[in-house]
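What follows is a short report on a single structure.
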Amino acid sequence: MLLAGFGEPGQRRLADSTAAVVGCGALGTTIADTLARAGVGRLLLIDRDFVELTNLQRQVLYDEQDVGDAVPKAEAAKRKLARINSGVEVAAIVDDLNAGNAERLTAGANVLLDGVDNFETRYLLNDCAVKHGTPYVYGGAVGTVGASLAILPHTSRGDSAWERGGDGQSHATPCLRCLFEEAPPPGTGATCDTVGVLGPAAQIVASFEAAEALKILTGNFERVSPTMLSFDLWANSVRQLKVAGAYDQGDCPCCKHRTFEYLNGDLGSGTTTLCGRDAVQIRHKRDAEDVDLHAIAISLAAHGAVKVNAFMLRASLVDRGRSYEITLFPDGRAIVKGTHEPNVARSLYAKFIGS
């Protein structure tokens, strides 16, 4: 409250705000920790995964107990944040953000924060941001490099708080697809599998994202950075890339033509290869109620070791001489570990879980 331009009114605005953190890994845990300590009133934590031992190198809200208990990341983060600031309302959403649920899961958020590891989900967030006029802060880190950009989207009516501007200027920015119209082809970019990730690189990106979110949530739109942060800690390089002209000079399908191809399901896939995991996620469409995890656990017990709780089922299985691990969630979504091939993952799902 002592900060110039923030003060008690800024703190009150934070307390009345909702931030959606999508992805509770290295970026998301640092973002959520920072915003909870700052006093953001409500946090939506959306993550599809569970805590593993290798996460502890950089994912700051987890510990070995979470690994042993097989707790989903969103739930583990919620428990930790409750002990940090009990005045913050935290909703743990153990789900995969996809075209069918993205708008519902992020509804009511005043800012969307990127803690994910793939461009498909980022484009979904970008579509949500532009369609609903919600600020979105992009971030990514791999190896020793990181990048981040705060996006104040152009709206259909041009009447958002950042477009009207208290200083008489519009502070709207290009959207993510203005800069990257298409995702890089599979296998062409560095991933956690190929180059690893340095913990401090992720923390720098996450801290930048959190700072931009605090500016947005307190209405300091003129203070939001108009440039993209890009750095390489190993090469000792830091750059701020001027991107403002990308909107005027480009012909963005999203924010200029307002076609939301990822939200509409025209682009994207039903499977996702998970960064650094040798695993494939399967999004399985179900019209029925949640699956009976305990009943499935009984049927799988003859095939290998099975662990089940209210949040998930995990089974270690052998198929054709190879070992796999299947983690099944109540909505039918599964993570198949031990392969990076979607066809193999779908085959294992059909064999052991059923359609």
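The values are calculated or read from the model by the stated rules, or taken from the named source; none is laboratory data. It should be emphasised that the depicted structure is a prediction, and the values quoted were computed from it without experimental measurement. Heads up, the Cβs are rebuilt from the backbone with ideal geometry, glycines too, and the neighbour counts pull from every protein chain shown. These area figures cover heavy atoms from the full protein model, side chains too; ligands, DNA and RNA do not enter into them. Shrake-Rupley method; radii C 1.70, N 1.55, O 1.52, S 1.80 Å.
Rundown of residues vs (1) part of a loop (DSSP other than H, G, I, E, B); (2) in contact with a Phe, Trp or Tyr (Cβ under 7 Å, 6 or more places away or on another chain); (3) hydroxyl-bearing (Ser, Thr, Tyr), yes/no style:
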| site | (1), (2), (3) |
| --- | --- |
| Arg83 | no, no, no |
| Ile93 | no, no, no |
| Leu97 | yes, no, no |
| Glu103 | no, no, no |
| Arg122 | no, yes, no |
| Asp127 | no, yes, no |
| Val137 | no, no, no |
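Screening the range 40-59 for residues that are in contact (Cβ under 8 Å) with a residue 12 or more places away in the chain and in a helix (DSSP H, G or I) and picking the one that is least open to solvent (accessible area, probe 1.4 Å) gives Asn55. Being open to solvent by 70 Å² or more (accessible area, probe 1.4 Å), modelled with pLDDT under 95 and at negative phi is not true of Arg239. Among the numbered criteria (1) in contact with an Asp or Glu (Cβ under 7 Å, 6 or more places away or on another chain); (2) farther than 30 Å from Asn309 by Cβ, which single criterion is violated by Leu125? Of the numbered conditions (1) in contact with an Asp or Glu (Cβ under 7 Å, 6 or more places away or on another chain); (2) farther than 30 Å from Asn309 by Cβ, the odd one out for Leu125 is (2). Please go through the range 130-172 and pick out each residue that is open to solvent by 40 Å² or more (accessible area, probe 1.4 Å) and of a type in the set (Ser, Thr, Tyr). Across the range 130-172, the qualifying residues are Ser156, Ser170. Given the condition more than 20 Å from Cys24 (Cα to Cα) and touching a strand residue (DSSP E or B) at 6+ places or on another chain (Cβ under 6 Å), answer yes or no: does some residue in the range 276-292 qualify? Checked the range 276-292: no residue is more than 20 Å from Cys24 (Cα to Cα) and touching a strand residue (DSSP E or B) at 6+ places or on another chain (Cβ under 6 Å).
All conditions in (1) crowded, with 17+ Cβ neighbours inside 10 Å; (2) out of contact with any Cys (no Cβ under 9 Å at 6 or more places or on another chain); (3) at pLDDT 95 or above hold for Val94, with the sole exception of (3).
Scanning the range 139-175 for residues that are touching a residue at least 60 places away in the same chain (Cβ under 8 Å) and in a helix (DSSP H, G or I) yields a total of 2. Within the range 6-22, the set of residues being open to solvent by 10 Å² or more (accessible area, probe 1.4 Å) and either farther than 12 Å from Leu214 by Cα or part of a helix (DSSP H, G or I) (or both) comprises Gly7, Glu8, Pro9, Gln11, Arg12, Arg13, Ala15, Asp16.
The residue list Ser323, Ser316 contains one member that is of a type in the set (S, T, N, Q), exposed (fewer than 12 other Cβ atoms within 10 Å of the Cβ) and modelled with pLDDT of 90 or more, which is Ser323.
Residue count for the range 72-86 satisfying the condition of being open to solvent by 10 Å² or more (accessible area, probe 1.4 Å) and either touching a residue at least 60 places away in the same chain (Cβ under 8 Å) or among the basic types (Lys, Arg) (or both): 6. Any residue at all in the range 322-330 that's more than 26 Å from the chain's Cα centre (by Cα) and not aromatic (Phe, Trp, Tyr)? Yes, the range 322-330 has at least one match.
Per this entry, Leu3 is counted among residues that are within 16 Å of Lys215 (Cβ to Cβ), without any contact (Cβ under 8 Å) to a residue 24 or more places away in the chain and either open to solvent by less than 10 Å² (accessible area, probe 1.4 Å) or in contact with a helix residue (DSSP H, G or I) (Cβ under 8 Å, 6 or more places away or on another chain) (or both).
Whether a residue is without any contact (Cβ under 8 Å) to a residue 40 or more places away in the chain and either aliphatic (A, V, I, L, M) or open to solvent by less than 40 Å² (accessible area, probe 1.4 Å) (or both) was assessed, and Asn118 does not pass this test.
Could you list all residues from the range 293-313 that are in contact (Cβ under 8 Å) with a residue 12 or more places away in the chain and surrounded by 16 or more Cβ atoms within 10 Å (Cβ to Cβ)? Matches in the range 293-313: Leu293, Ile296, Ala297, Leu300, Gly304, Val308, Phe311, Met312, Leu313. Set side by side, the residues Thr271, Thr339, Thr259 differ, and just one is open to solvent by less than 40 Å² (accessible area, probe 1.4 Å), of a type in the set (Val, Ile, Thr) and at pLDDT 90 or above, which is Thr339. Restricting Pro184, Pro200 to residues that are at pLDDT 95 or above and over 30 Å from Gly108 (Cβ atoms) narrows the list to Pro200.
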